[in-house]
Amino acid sequence: MSETDFAAFEGKRPEDRTVMHVLYGMHTFAPFTYWVLALIAVVVNYVRRADEMDAIYASHHNYMLATFWWSVLWLVVTSPLYLLFFIPGMVAHAIVGLWYLYRCIRGWLRFTDNRPPR
């Protein structure tokens, strides 16, 4: 049986934690910036996730990415409601936006408590 060299795994630095808080902040405030912050955060999530060894941090990256992509899917699926009348489309997009905010805030609070997002 081979031995694992735990010295090869570097510990989490305070900067790593700060990056996660900034990413959650960017995702949380993205609906108020026409989703520009979300696009930037998604790129950073993909880059940081690729090098992540810590399971909690990796799960939070996956959680943010899943939240973003499910939101995009539901925004696209509900877009035809605007063709019927403006109100149904607006209501559907508001619901998706509220769900997105809920997921971001919930994940951020769980990250603050050092817990996995789910």
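The values are calculated or read from the model by the stated rules, or taken from the named source; none is laboratory data. Keep in mind that this is a model prediction, so the values were computed, not measured. Cβ: placed from backbone, ideal geometry, glycine included. Neighbour counts: every protein chain shown.
Out of Met26, Met53, I need the residue that is surrounded by 13 or more Cβ atoms within 10 Å (Cβ to Cβ) and either modelled with pLDDT of 90 or more or outside any helix (DSSP H, G or I) (or both). Which one?
Numbers: Met53 fails: surrounded by 13 or more Cβ atoms within 10 Å (Cβ to Cβ).
Residue meeting the stated conditions: Met26.
For the condition assigned to a helix (DSSP H, G or I), of a type in the set (A, V, I, L, M, F, W, C) and without any contact (Cβ under 8 Å) to a residue 24 or more places away in the chain, Val91 qualifies.
Scanning region 98-108 finds no residues that are among the hydroxyl-bearing types (Ser, Thr, Tyr), in a helix (DSSP H, G or I), crowded, with 19+ Cβ neighbours inside 10 Å and touching a Phe, Trp or Tyr at 6+ places or on another chain (Cβ under 6 Å). Regarding Arg115, is this residue surrounded by 14 or more Cβ atoms within 10 Å (Cβ to Cβ), of a type in the set (Lys, Arg), on the phi < 0 side of the Ramachandran plot and touching a residue at least 24 places away in the same chain (Cβ under 8 Å)? In short, no.
Against the numbered list (1) closer than 16 Å to Asp16 by Cα; (2) of a type in the set (Gly, Ala, Ser); (3) touching a helix residue (DSSP H, G or I) at 6+ places or on another chain (Cβ under 8 Å), Gly89 comes up short only at (1). Pro117 fulfils the conditions (1) assigned to a helix (DSSP H, G or I); (2) within 13 Å of the chain's Cα centre (by Cα) except for a single criterion, (1).
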